[in-house]
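A.B. asks: So that we are looking at the same thing, I have put the structure below in structure tokens.
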Amino acid sequence: MDRTRYHKTMYVIAAIWNWILAITFLTLPRIDIANFYIAGDTIPPTLIWFDCFMGLVFAFGIGFYIISKNISENHGLIQVAAFEKTWVFIVGLYYFLLSQASIWVLVVVSGDLIFGILFIEDLLAIRKKSV
């Protein structure tokens, strides 16, 4: 598989990954919110931020799909995508280490780390090609 096709496929898979996660967490019966609880015992758990986050996960999936359609014209969006994927992993790992997120959260955000690394590799390849 040539590099262009590989990268297009990678971004389509990233889009599908995001859409599956967002739709799953928004439509399934509510999961144990304790897996995502970040406020300690100070306030009752709410899903407003979780639902907003899942909406943004879905929106980033749209961005990944846009990137897949024209990789050479979307470097800025790729930079944002690389940051987002890496950041989601860092936040998930942080809350896991604080014992405020389950191992399942860490498993899911590890998928984001893999995409983040692949996106950074893509950016490095684009820069090397343009030099």
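A.B. asks: Find the residue count for segment 77-105, including only residues that are over 30 Å from Ile126 (Cβ atoms) and either in a helix (DSSP H, G or I) or hydrophobic (A, V, I, L, M, F, W, C) (or both).
C.D. replies: So the count comes out to 8.
A.B. asks: State which residue is nearest to Ile126 (Cα to Cα) when the search covers only segment 1-24 and only residues that are at pLDDT 85 or above and among the β-branched types (Val, Ile, Thr).
C.D. replies: Among those that are at pLDDT 85 or above and among the β-branched types (Val, Ile, Thr), it is Thr9.
A.B. asks: When both residues are 6+ apart or on different chains and their Cβ atoms are under 7 Å apart, which pairs have a first residue that lies in segment 50-69 and is more than 11 Å from Trp19 (Cα to Cα), and a second that is of a type in the set (Ser, Thr, Tyr) and at pLDDT 90 or above?
C.D. replies: Ile67/Tyr11; Ser68/Tyr11
A.B. asks: Quick check on segment 87-107: of everything there that is surrounded by 18 or more Cβ atoms within 10 Å (Cβ to Cβ) and under 20 Å from Ala15 (Cα atoms), which residue is nearest to the chain's Cα centre (by Cα)?
C.D. replies: Result: Val88.
A.B. asks: Name every residue in segment 67-86 that is surrounded by fewer than 16 Cβ atoms within 10 Å (Cβ to Cβ) and either touching a strand residue (DSSP E or B) at 6+ places or on another chain (Cβ under 7 Å) or over 22 Å from Phe50 (Cβ atoms) (or both), in order of residue number.
C.D. replies: Those that are surrounded by fewer than 16 Cβ atoms within 10 Å (Cβ to Cβ) and either touching a strand residue (DSSP E or B) at 6+ places or on another chain (Cβ under 7 Å) or over 22 Å from Phe50 (Cβ atoms) (or both): Lys69, Asn70, Ser72, Glu73, His75, Gly76, Gln79.
A.B. asks: Quick check, is Asp51 farther than 25 Å from His7 by Cβ, of a type in the set (Asp, Glu), modelled with pLDDT under 95 and not in a helix (DSSP H, G or I)?
C.D. replies: When the stated conditions are applied, Asp51 does not pass them.
A.B. asks: Something else about it: How many residues does segment 78-109 contain that are in contact with a Leu (Cβ under 8 Å, 6 or more places away or on another chain) and among the small types (Gly, Ala, Ser)?
C.D. replies: The number of residues fulfilling the criteria is 2.
A.B. asks: Identify, please: which residue in segment 25-42 is modelled with pLDDT of 60 or more and touching a helix residue (DSSP H, G or I) at 6+ places or on another chain (Cβ under 9 Å) and is, among those, farthest from Val108 (Cα to Cα)?
C.D. replies: Only one residue fits best here, namely Leu26.
A.B. asks: Run Thr86 past the list (1) under 20 Å from Phe25 (Cβ atoms); (2) in contact with a helix residue (DSSP H, G or I) (Cβ under 7 Å, 6 or more places away or on another chain); (3) among the β-branched types (Val, Ile, Thr) and report the number of the one that doesn't hold.
C.D. replies: Looking at each condition in turn, Thr86 falls short on (1).
A.B. asks: Restricting the search to segment 114-131, which residues are surrounded by fewer than 17 Cβ atoms within 10 Å (Cβ to Cβ) and under 12 Å from the mean Cα position of the chain (by Cα)?
C.D. replies: If the condition is that a residue be surrounded by fewer than 17 Cβ atoms within 10 Å (Cβ to Cβ) and under 12 Å from the mean Cα position of the chain (by Cα), then Ile114, Ile117 are the ones that fit.
A.B. asks: A further question follows. Is there a residue being over 30 Å from Arg3 (Cβ atoms) and at pLDDT below 95 anywhere in segment 55-69?
C.D. replies: yes
A.B. asks: Within the set of pairs 6 or more residues apart or between chains, which connect a residue that is touching a residue at least 40 places away in the same chain (Cβ under 8 Å) inside segment 102-131 to a residue that is surrounded by fewer than 16 Cβ atoms within 10 Å (Cβ to Cβ) and acidic (Asp, Glu) with Cβ atoms less than 9 Å apart?
C.D. replies: That search, which allows pairs on different chains as well, returns Ser102/Asp32.
The values are calculated or read from the model by the stated rules, or taken from the named source; none is laboratory data. Just so it is clear, the model here is predicted, and its values are computed rather than measured. Because the Cβ atoms are built from the backbone with ideal geometry, glycine has one as well, and the counts that use them run over all protein chains shown.
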